[in-house]
Amino acid sequence: MASWAAAREAALAVQPDIFARHDHGDCVRRTLETVEADCTARGLRLTALRRRVLEILLEAHRALGAYDVLARLAEEGYGSQPPVAYRALDFLVAHGFAHKLQRLNAFVACAHPGERHRPAFLICRTCLAVQEAHLDMPSEGIAGAAEAVGFTVERVVVEAEGLCPECQAAERA
Ligand SMILES: [Zn+2]
Ligand SMILES: [Zn+2]
Ligand SMILES: [Zn+2]
């Protein structure tokens, strides 16, 4: 029991359960602080633009496409050329501060920045809210199946699609 509680505590180190009501201001602030500290420690440049893109991704914990991000940047005067958004997103993804969701071709801010982890995503098909789940070995089953056929797994992406608690409540209403 204690270890489950500890694991849950560790999993929630930077962001709480984002499907639940939470102090979102604190959630955003803690994530940005963690990313800033990690950039400093690793000698990475978190420019104003890169930081702003991360903030935009964090705003509603929703998956955003590159063009959604670009539209926001253009509104704020950062420029309207696609590379502006793509380069910033590439930086965030390359350094583990954001993840790309393959199925939606969209991006989310990482809930465990600066930690080595294997992301697994719970994606709400209605509101596109994304929770990054904490799984120790999401790829275990696949690894066994792959080994049986002599396949070498290099990367496993876990994306579960469904309904968040709020959208389930809305469907029942
Ligand atoms: Zn939040
Ligand atoms: Zn992550
Ligand atoms: Zn939802």
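The values are calculated or read from the model by the stated rules, or taken from the named source; none is laboratory data. As the structure is a prediction and not an experimental result, all values here were calculated from the model. Counting neighbours? That spans all protein chains shown, and the Cβs are built from the backbone with ideal geometry, glycine included.
Quick look at the numbers
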item: Qualifying residue in segment 80-93 (condition: aromatic (F, W, Y), part of a helix (DSSP H, G or I) and more than 16 Å from ligand 3 (Cβ to nearest atom)); result: yes
item: Residue within segment 134-149 that is in contact (Cβ under 8 Å) with a residue 40 or more places away in the chain, touching a helix residue (DSSP H, G or I) at 6+ places or on another chain (Cβ under 9 Å), within 16 Å of ligand 3 (Cβ to nearest atom) and not in a loop (DSSP other than H, G, I, E, B) present; result: no
item: Residues within segment 114-173 that are among the hydrophobic types (A, V, I, L, M, F, W, C) and either in contact with a Phe, Trp or Tyr (Cβ under 7 Å, 6 or more places away or on another chain) or under 24 Å from A20 (Cα atoms) (or both), tallied; result: 19
item: Residue list for segment 136-165, restricted to those being closer than 21 Å to F107 by Cα, surrounded by 14 or more Cβ atoms within 10 Å (Cβ to Cβ) and modelled with pLDDT under 95; result: P138, V156, V157, V158, E159
item: Yes/no for V14 being surrounded by 12 or more Cβ atoms within 10 Å (Cβ to Cβ), within 16 Å of ligand 1 (Cβ to nearest atom) and assigned to a loop (DSSP other than H, G, I, E, B); result: yes
